[in-house]
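Structure, as structure tokens:
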Amino acid sequence: MRAAVGRISLQTIALAVLLAFGPQALADTVYPGANVLLRDSLHLVKGKRIGLVCNHSSLLKDGTHLLNALQEHPDVTVTAVLSPEHGFSGTASAGEHIGDTTAKSLPVYSLYGNTRKPTPEMLANIDVLVFDIQDLGLRFYTYISTLGLCMEAAAAHSIPIVVLDRPNPLRGDILQGPVLDLSTKSFVGMYPIPIRYGLTIGELASMIAGEGWVAGTDSLALHVVPMDGWVRAMWYEQTNLKWVPPSPNIPDLETALVYAGTCLIEGTNISEGRGTAMPFRLIGAPFFDMDDIIQRFKKPKLEGVLVSLDRFTPIANPGAASPKHENQECIGVKIAVTNRDEFNPVVLGLLLTSAFHEFDAASVRFTSHFDYLLGLPDGKRYVAADHRVYYWLRVWAQDLAEFSRKRQAYILYM
């Protein structure tokens, strides 16, 4: 791998401010990699035909879309756009097949339609790939799978790839969940990393290349353009960057955090709240009975979160075309984060799944998707009883410690 990392500026100043005043004091100094590219790293793309891997989240600090900024720049040429799951506009439902289209008089090739990896035809008029998408810092969020396949295609066609770094919205200093067993490798989990892996997308790109997790990394020309001013202890709103829902069912930061655990519910026949105003924070099913659940349901007792009983009815909407149990009243729970620094969403997701299964094992069903999301084969056994959840957390801690050690080689920020 021929990897390079752009200039890391403001870090000494940022450290002093961080120690004195905390992460919020650094908010006005945070600039995404897209800004840094245009400010002082333009040599990476100047005079070259750019294939821009992006979506609606690819914004500069002032809210300008990167595609607009590049098209208006006299020294660069964008020849194609490639878009991930949810499409260029970010409005398609999860799993929805997306076709090719156009935008700004350019072809927009879908990487979530007939192919998930750039084809030779897509790359025919491209000298450099530029990847700029806001991720969530969660293993099963598919934008990082698209990243890996773009890196693989770039290596295969001797095209350099430039990754413009963005914040990990859920902080970059917290690791949670099991490390993926490669026997469960899929598009919702391509790398042996934990669910909450504590890296920015640029750092992860370097780790994918450095660890050889996709083909061709020994010859890949990768350049990560880092952010300015970001520190690992920052939550997204502490950056003062505009929050743009990265996908239709992640409307805000609280949902993104809870999703780190309740996404596991997608691998069951229980509703994860798609088709409601609180996706991933409303969990339930029509086959639960409210009277029984009041008497028998074991609500997880965790720091930093309130779980209360609730009713809801999923209905189809633009971001959830066919939600589970559509138009049926579901009995379940509502989740509210009370202290995000103490809250462990992965534990919540495991305990909720375990509690619902114990409450009504005859009705609750698991699919193979549960294994892929958890990242472990025979995933059901890890939630067979709530007391076993804590046993497995202790077992997984060893793998988390090893991953934490390994990731240190790819850390760009304090």
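Quick note: the coordinates plus some simple rules give every number you see, no bench work behind them. Predicted model only: the values in this text are computed from it and were never measured. Cβ sites come from the backbone with ideal geometry, for glycine too, and all protein chains shown count toward neighbours.
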(request) For the chain, give the share of DSSP beta bridges that are antiparallel, in percent and rounded to the nearest 5; count only bridges with both residues there. (result) 50
(request) Just report the Cα centroid separation between segment 268-295 and segment 70-92, whole Å. (result) 38
(message) List the GluC sites (Glu not before Pro) within segment 63-108 that DSSP assigns to loop and that have no more than 11 neighbouring Cβ atoms inside 10 Å.
(response) none
(request) Report, in cubic angstrom per residue, the convex hull volume of the C-alpha atoms of segment 2-247. (result) 117
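Label segment 204-329 by shape, choosing from rounded, prolate and oblate, from the square roots a ≥ b ≥ c of the eigenvalues of the Cα gyration tensor; if a/c is under 1.5 it is rounded, and otherwise prolate applies when a/b is larger than b/c, oblate when it is not.
Details: a/c = 2.25, a/b = 1.99, b/c = 1.13.
Prolate shape, in that a/c is at least 1.5 and a/b is the bigger ratio.
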(request) Find how much the distance from N317 to R394 grows on full extension, using 0.36 nm per residue of separation minus their present alpha carbon separation; answer in nm with one decimal. (result) 23.7 nm
(request) Could you pull out every one of the lysines with an alpha carbon less than 27 Å from that of K61, ignoring same-chain neighbours closer than 8 positions? (result) K46, K48, K104, K242
(message) Name the residue from P323, A156, Q238 whose Cα lies farthest towards the positive end of the charge dipole of the chain, charges +1 on Cβ of Lys and Arg and -1 on Cβ of Asp and Glu.
(response) A156
(message) I want to verify the translational diffusion coefficient of segment 300-414 in µm²/s; compute it with Stokes-Einstein, Rh as the Kirkwood radius over Cα pairs, at 4 °C and 1.567 mPa s.
(response) 77
(message) Tell me the mean residue ellipticity at 222 nm calculated for the chain from its helices only (DSSP H runs of n ≥ 4, each -39500 (n - 2.57), averaged over every residue, nearest 500).
(response) -8000 deg cm²/dmol
(request) Would you give the gap between the C-alpha center of segment 113-148 and the C-alpha center of segment 306-360, rounded to a whole Å? (result) 31
(request) For segment 118-164, count all C-alpha to C-alpha pairs, find those more than 12 Å apart, and express that count as a whole percent of the total. (result) 61
(message) Please give me, ordered by residue number, the GluC sites (Glu not before Pro) of segment 302-405 that lie in loop per DSSP and have at most 11 other Cβ atoms within 10 Å.
(response) E303, E342
